[in-house]
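Down below is the structure, laid out as structure tokens.
Quick note: the coordinates plus some simple rules give every number you see, no bench work behind them. None of the values given here were measured: they were computed from a predicted structure. Methodologically, a virtual Cβ is constructed for each residue, glycine included, from the backbone with ideal geometry; neighbour enumeration extends over all protein chains shown.
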Ligand code: ADP
């Protein structure tokens, strides 16, 4: 998982946790608030009822109370019944009257709530009645006070609210309101779920904005890391001039970039030191090598004076001097290429002639190794823009490698095809040799890079040939690459611009 994705996942997780906690908190806070509101409304209703009862009792206007009770019960379906008791607990009014049932009027209230009601109301009690118990010596109720809802014994029984019916400080009786708990709970649930739904939408919107924000933030935090990664990649490819630009980053990553740039500078200095050392040493070696070569030639001319064994020694020395000369040439050519001292004479040229001359150059050694070396460049291949001497050098390096790493009885072919919508020609050198392991392919065109397998160890080499090829092809604005795999042969390709393409 990429760092950016990890940051996004992390912030979404934290945001999700925060929103879930907020949701829980909201739910319980809202529930508490709604319950308080409900209670307030109920208390207000019972207080009003007590006032109406008082007016109705004083004015002996039963119709007024009856109408008020009807309106209440119609508007508040959660009210089960309404009643008014005198201070001794006798029914003065009951909402059953609305359906014409007057049986309770004049009877003493009984049941679990009536006794409690009288105790809570502190009404003057006549002893003997099952509801007539004096409440802890209290003889009255504060005018206008709403009595607490009576705790009901079970969930199915109604919730009872009481208020004293007062007139000039005197308790005339008790107003009683009975609520259906189920309906109350349903009302609460409906209101709660309505406001919760609204909150869920807010949470979803916050989550969406949070995801958007965290994606943007993660991309912002990731930017310097990507820059560092690009720097490491460029330096890995040997681009010592690459500098990571994080000058505005005033944190650890900015400091890391500075250290990185410093390290690259030092690596470049070391690389230059190594190149100049090689260059000087190569120059110094060239002269004695020339002398050894000259003396060897003289000895070869007088080989008649030598024994068979000595002639064998001379041949070994000659081969090694040849190799050393090749190495020195490579190092000096490389130094000249890197210093930009090589002048390219790029002009329209025939590819076939150059490729043919390389095949002829290696014909003898291919035959000696029993390798079929051929050139298969179609007649109609267009002329390409190239410095033919340098491209010849590239083909020589590629074919020499192909012959080196192809076992007896194999084949090596130089070929070409039109490429990139006919704007380029792709030239390739294909062999049936040992191939290059996939993990090594990326490094193949770097300086001094060699495959570390048995066949490469047996073949002597410097690891400079392919690097030189890349430098030359780069100077032609072309690309060079290899397709290969261990034991599968190799195809080295490079591209050259077709003559009439305007750049
Ligand atoms: P050298 O051949 O002098 O070692 P090069 O730069 O020409 O240097 O090649 C680098 C390495 O690439 C070689 O050492 C070899 O391991 C590998 N290589 C190049 N060409 C081939 C090929 N045609 N088949 C297999 N391996 C190759």
Enumerate the whole-percent occupancy of each 5 Å bin, from 0 to the last occupied one, for all C-alpha pair distances of segment 1-88. 3, 11, 13, 13, 9, 7, 6, 6, 6, 5, 5, 5, 4, 3, 2, 2, 0
To the nearest 0.05, how large is the calculated FRET efficiency for residue 389 and residue 243 if R₀ is 41 Å and r is the Cβ-Cβ distance? 0.70
Estimated translational D of segment 214-265 in µm²/s (Stokes, Kirkwood radius over Cα pairs; 4 °C; 1.567 mPa s): 115 µm²/s
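Using the C-alpha gyration tensor of segment 299-442, what are the square roots of 5 times its eigenvalues, in whole angstrom, with the largest one first? Mind showing how you got there, number by number?
Details: eigenvalues 215, 85, 53 Å².
Semi-axes from the Cα gyration tensor: 33, 21, 16 Å.
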Long-range share for segment 185-275, i.e. C-alpha pairs more than 23 Å apart as a percent of all pairs, stands at 53 percent
For the peptides 13-25, 157-169, 326-338, what is the packing order when you average, over each peptide's residues, the other Cβ atoms within 10 Å and list the highest mean first? 157-169, 326-338, 13-25
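Just the number: Rg to Rh for segment 397-495, Cα atoms, Kirkwood Rh, two decimals.
Reported Rg/Rh, Kirkwood definition of Rh: 0.96.
Take the Cα gyration tensor of segment 205-343, multiply each eigenvalue by 5, square-root it, and list the three semi-axes largest first, rounded to whole angstrom.
Details: eigenvalues 711, 50, 22 Å².
So the three semi-axes of segment 205-343 are 60, 16, 11 Å.
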On a 0 to 90° scale, report how tilted helix 252-301 is relative to the longest principal axis of the chain, with both axes built from alpha carbons and the result rounded to the nearest 10. 20 degrees
What's the angle, to the nearest 10 degrees (0 to 90), between helix 465-475's Cα axis and the longest principal axis of the chain? 70 degrees
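Which values, in whole Å and largest first, are the semi-axes of the equivalent ellipsoid of segment 339-413 obtained as the square root of 5 times each eigenvalue of the Cα gyration tensor?
Numbers: eigenvalues 129, 50, 14 Å².
In descending order the semi-axes read 25, 16, 8 Å.
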Helix 62-75: inclination vs the chain longest Cα principal axis, degrees, rounded to 10, gives 10 degrees
Kindly provide the pair-distance distribution of the chain built from C-alpha pairs, with 20 Å bins from 0 and whole-percent values in order of increasing distance. 15, 26, 14, 10, 11, 16, 7, 1
Principal axis dimensions, largest first and in whole angstrom, of segment 38-81 by Cα: 32, 18, 12
For segment 396-439, alpha-carbon Rg and Dmax in angstrom: 12.7, 38
Using a Förster radius of 56 Å, what is the FRET efficiency between residue 376 and residue 273 based on their Cβ-Cβ separation? Nearest 0.05, please. 0.80
Burial order of peptide ranges 67-79, 480-492 (average beta-carbon count within 10 Å, highest first): 480-492, 67-79
What is the Cα centroid distance between segment 469-487 and segment 10-69, reported in whole angstrom? 83 Å
